[in-house]
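What follows is a set of notes on a single structure, which appears directly below.
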Amino acid sequence: MPFRFILACMLGALLAAPAAARVSVVKPGKQPTLAADEGLLLVAVDSSVDLNSVRVKKEGKLFSSGVLSNIKSGQSVRLYVVPAGAYAWEQLRAFGRVRYDFKDDPEYRFEVRPGTITYGGDLVFRPTSYLHADVQVTNRGLRALDWLDREHPGLAARFPFTYSGHYPDPFPAFYATQRARKAPSGEDGRAPPAAGALPLPIRDLWREERIGRIALNPGGDLLAEHVRDGDDWSVDLIDLAGGTSRRLASTPLPYVSLQWVGDRTVLLGVGDDRTEQAITVFQVGEAAGGQHRFEVLKFPHPGRILQELADETGQVLFASYGGRGKLLVHKVDLSSQRALEKSASLANRPLNRGIDDDMEWFADGRGRLRAVVVRRDDRLALLHGIDGNFSEVLDLHATGGFDPYVLSWDGDLMYGLTDEDRTQRDLVVFDPATGQVAKTLFSKPGVDVVSPLMNERRTPIGVTYFSGGHLISEYFGHRDQQLSEVLEKTFPNRTVLIKERSRDGRQLVVAVEGSAEPARLYHLDVAARRASLLEDARPWLEGKPLVASQRFAVRNGDGLPIEAYLTLPPGSGKRALVVMPHGGPVGVNDRLDFDPQVQFIASLGYAVLQVNFRGSDGYGKAFREAGHHAHGTGIEDDIAAALDQALASYPLDPARVCMLGSSYGGYSAMVSTLRWPGRFRCAVSIAGVSDRMLFFTASDGGHSARGREQLERIIGNPRAQQAEMMATSPLYHYRELTTPLMLVHGEEDMRVDFEHSRRLARMLQLAGRPPVLLALAGEGHGIAAIDNIEATWSGIAGFLRHHLDAASAGTPP
């Protein structure tokens with residue numbers, strides 16, 4: 001939930017403290033007694049840095065003796081006896097002088113009931129800078145119960161433990177009844193089996209691609225290329241006509257922006273691609289002795305480039321932050337270091353005067369500010385206008401509607417995508433003056449447009465969309481479309497995209513990628529009808545035994561056409577199969593591009609099945625919305641239909657099938673083993689949902705009113721559908737979850753909190769079947785550190801080999 005921060009001067013006048021509520025701290029080991037109107041409150045704070053203090057209030061009264069002070073990083077917990085009633089997180093202080101106020105924000109409220117232990121969730125604090133932080137309340141009820149058992153043994157048996165948040169949590173009561181039968185003992189998880197020798201090294205497969213950003217100058221003779229060079233990132237300047245290359249810069253940090261201003265000025269940015277970057281300017285001279293000389297200029301303070309000014313040579317719009325985090329937009333001259341410093345000075349009057357809470361500005365082709373994204377309470381709005389007169393034209397948090405992509409050259413219109421009152425996502429023109437879609441530029445029945453393709457004058461010249469597992473380009477002009485078709489015929493069964501083009505369209509940089517072919521960049525000289533290889537994204541995989549995927553189709557029980565991909569490794573006899581559903585599940589899809597996970601599993605000798613089940617993106621609105629309220633039911637029916645078709649059509653062993661997935665895919669793996677007992681030898685869940693109710697109180701999507709509205713629209717309402725959600729949650733059916741299970745989860749996951757795996761592992765331990773468990777410190781919803789990637793996939797290899805290899809698999813469970 002967004003919040004505002006206030007810098008508080010320590011020498012300021014002290015405010016009179018409001019009357020304190022009647023509270024007392026319960027010391028470890030003590031067994032408190034409660035009056036009729038009292039309850040117990042468990043306060044938990046989880047911070048990655050030391051904090052000065054955290055405060056809680058009750059109905060306007062300061063919970064003064066409940067102030068947690070001098071809090072060390074990690075989890076801090078305290079138990080209080082308090083009067084029953086409404087409470088809220090009031091304030092957090094960090095870094096000595098920075099204060100975060102939560103007052104009057106409903107996201108931080110909870111209710112203490114008499115005669116119970118109330119837990120309002122962990123207040124989780126993760127600073128992203130000195131003045132900005134991610135703050136949310138997350139339900140980690142089992143961890144709170146474990147603390148309670150350690151510090152106050154037997155207390156949870158005397159008083160019921162309840163979670164107080166926007167949605168109910170049935171787990172504490174469920175856990176109390178289950179552990180009454182058998183107390184927890186031993187570890188909640190086991191280590192995975194040893195992997196043995198691996199055909200493809202994990203570090204090679206997951207090694208970061210060598211190619212980062214690229215930018216072709218408008219004249220088409222110079223290419224700036226962002227490449228990985230050992231532990232550093234570098235930018236090379238390639239003279240396409242002369243065939244020479246020169247290194248412009250290197251840094252341990254990746255460049256987040258790379259763009260040309262005219263034909264001889266290139267800008268590089270290091271930092272945050274959405275906010276502030278340290279920007280360096282390279283003024284490229286003519287070649288001498290086969291090498292281009294250049295002059296280096298530096299922006300005086302961080303910011304980001306909004307756009308080049310087409311009518312003013314060597315000038316750009318530059319956005320930076322002034323005092324109190326105010327966004328400032330200036331016109332900056334790049335002709336010299338002195339001109340740059342003078343024009344970029346924060347003391348200059350900004351162009352964006354008169355608009356408060358502005359977050360992002362957009363200009364027309366002449367550089368006039370014409371549109372702005374602003375914050376309006378808990379939502380984002382798009383304003384349009386000119387010369388300081390702006391009015392709201394779009395609620396950017398509204399469901400459906402128009403998704404803006406770019407302003408027209410004159411700034412009067414917007415190009416973007418919409419599926420409102422349509423059967424698929426189309427490319428349209430939006431008129432801010434009327435607030436309506438004025439024209440449809442591209443529509444293809446049952447096909448969702450991914451993005452428009454624009455020329456240098458901001459005119460749409462085509463679109464991209466998925467077809468047959470590949471992202472393809474369709475152009476409106478005959479010559480462009482003819483060229484695109486020639487490229488697709490030249491590189492069959494691959495994704496072929498024009499990444500950069502010169503002003504005259506004669507020089508192109510083309511990216512080519514296939515399921516068994518990592519991305520490659522080609523320089524195409526259209527006039528000379530000549531293509532040459534520029535870069536290979538993963539040259540270290542050249543000659544490795546990569547396996548191509550193949551597409552097939554099946555209709556599900558409802559008659560919906562389902563697209564699926566099978567990666568079948570070479571060999572004789574029937575292969576074991578790993579079913580790998582994608583995450584999401586709505587608005588995401590699998591495709592026939594290079595995938596390290598698929599190639600790694602195939603290298604072990606196992607086939608891989610991927611399914612674009614109902615809800616997947618690219619197949620039209622009806623197909624996408626068919627995934628709503630289909631978790632654990634219709635989606636898994638589609639996967640089962642594709643699995644049946646694959647087993648019937650390809651040399652696969654139906655007795656050796658496992659399921660593996662991340663996020664929703666992990667949930668799908670677990671719930672499928674419950675729906676079809678005995679069909680799968682094993683299941684692997686990476687950051688998977690085990691408790692559908694918990695997802696609403698322990699996910700970043702559930703920490704705002706709009707986020708919860710979206711979750712309810714797609715998933716369901718936990719208040720009205722609690723029984724249904726529990727019926728399709730693996731956690732509450734742990735006794736039937738007898739298929740061998742491996743759980744992998746990042747402890748810093750804010751999308752699907754680690755609490756999901758903590759709860760399921762505990763219940764399986766109670767049942768005497770502790771799962772294989774990898775808890776990854778410091779990792780979020782995705783696994784980023786190469787050491788953790790290697791630990792994860794070597795563990796998965798050992799787990800799959802233990803259950804799928806013919807010598808050890810035996811009969812299905």
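The values are calculated or read from the model by the stated rules, or taken from the named source; none is laboratory data. Fair warning: this is a prediction, and the values are worked out from it, not measured in the lab. Backbone-built Cβ (ideal geometry, glycine too); neighbour counts: all protein chains shown. Areas reflect the complete protein model, heavy atoms only, side chains present, ligands, DNA and RNA absent. Shrake-Rupley method; radii C 1.70, N 1.55, O 1.52, S 1.80 Å.
Considering only residues of segment 272-306 that are among the small types (Gly, Ala, Ser) and either open to solvent by 50 Å² or more (accessible area, probe 1.4 Å) or touching a Gly at 6+ places or on another chain (Cβ under 6 Å) (or both), which is farthest from Gln507 (Cα to Cα)?
It comes out as Ala278.
Out of segment 169-205, which residues are of a type outside the set (S, T, N, Q), in a loop (DSSP other than H, G, I, E, B) and open to solvent by 50 Å² or more (accessible area, probe 1.4 Å)? Passing the criteria: Lys182, Ala183, Pro184, Gly186, Glu187, Ala191, Ala194, Gly196, Ala197, Leu198, Pro199, Pro201.
Could you please find all residues in segment 123-158 being open to solvent by 40 Å² or more (accessible area, probe 1.4 Å) and either over 30 Å from the mean Cα position of the chain (by Cα) or aliphatic (A, V, I, L, M) (or both)? Lay out the reasoning, then the answer.
Step one: of segment 123-158, the residues open to solvent by 40 Å² or more (accessible area, probe 1.4 Å) are 128-132, 134, 143, 149-151, 153-154, 157-158.
Within segment 123-158, Leu131, Asp149, Arg150, Glu151, Pro153, Gly154, Ala157, Arg158 meet the criteria.
Enumerate the strands (runs of 3 or more DSSP E) found wholly within segment 285-360, keeping only those where 3 or more residues are touching a residue at least 24 places away in the same chain (Cβ under 8 Å), under 30 Å from Pro404 (Cα atoms) and among the aliphatic types (A, V, I, L, M). Give the steps one after another, and end with the answer.
On the way: elements: 291-298, 304-308, 315-321, 327-333.
Qualifying strands (runs of 3 or more DSSP E): 315-321, 327-333.
Somewhere in segment 397-419, is a residue within 20 Å of Arg624 (Cα to Cα), of a type in the set (Val, Ile, Thr) and surrounded by 15 or more Cβ atoms within 10 Å (Cβ to Cβ)? Checking segment 397-419: at least one residue is within 20 Å of Arg624 (Cα to Cα), of a type in the set (Val, Ile, Thr) and surrounded by 15 or more Cβ atoms within 10 Å (Cβ to Cβ). Please specify each residue of segment 568-584 satisfying the condition of being closer than 16 Å to Gly665 by Cα and either free of Cβ contacts under 8 Å to residues at least 60 places away in the same chain or surrounded by fewer than 23 Cβ atoms within 10 Å (Cβ to Cβ) (or both). Of everything in segment 568-584, those that are closer than 16 Å to Gly665 by Cα and either free of Cβ contacts under 8 Å to residues at least 60 places away in the same chain or surrounded by fewer than 23 Cβ atoms within 10 Å (Cβ to Cβ) (or both) turn out to be His582, Gly583, Gly584.
The single residue among Arg506, Arg614 that is over 30 Å from Gly196 (Cα atoms), of a type outside the set (Asp, Glu) and crowded, with 21+ Cβ neighbours inside 10 Å turns out to be Arg614.
Here is a yes/no grid of residues against (1) open to solvent by less than 20 Å² (accessible area, probe 1.4 Å); (2) at pLDDT below 95; (3) farther than 22 Å from Ile305 by Cβ; (4) in contact with a helix residue (DSSP H, G or I) (Cβ under 8 Å, 6 or more places away or on another chain):
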{"residue": "Gly230", "(1), (2), (3), (4)": "no, yes, yes, no"}
{"residue": "Trp233", "(1), (2), (3), (4)": "yes, yes, no, no"}
{"residue": "Gly242", "(1), (2), (3), (4)": "no, yes, yes, no"}
{"residue": "Thr251", "(1), (2), (3), (4)": "no, yes, no, no"}
{"residue": "Ser257", "(1), (2), (3), (4)": "no, yes, no, no"}
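Within segment 429-447, the set of residues being surrounded by 14 or more Cβ atoms within 10 Å (Cβ to Cβ) and either under 27 Å from the mean Cα position of the chain (by Cα) or among the basic types (Lys, Arg) (or both) comprises Lys444, Val447. Among the residues of segment 546-567, those that are touching a strand residue (DSSP E or B) at 6+ places or on another chain (Cβ under 6 Å) and open to solvent by 40 Å² or more (accessible area, probe 1.4 Å) comprise Gln550, Arg551, Ala553, Arg555, Pro561. Residues that are without any contact (Cβ under 8 Å) to a residue 40 or more places away in the chain and of a type in the set (A, V, I, L, M) number at least 2 in the following helices (runs of 4 or more DSSP H) confined to segment 686-790: 722-727. For Ala19, the criteria (1) at pLDDT 90 or above; (2) open to solvent by 30 Å² or more (accessible area, probe 1.4 Å); (3) of a type in the set (A, V, I, L, M) hold in every case but one, which is (1).
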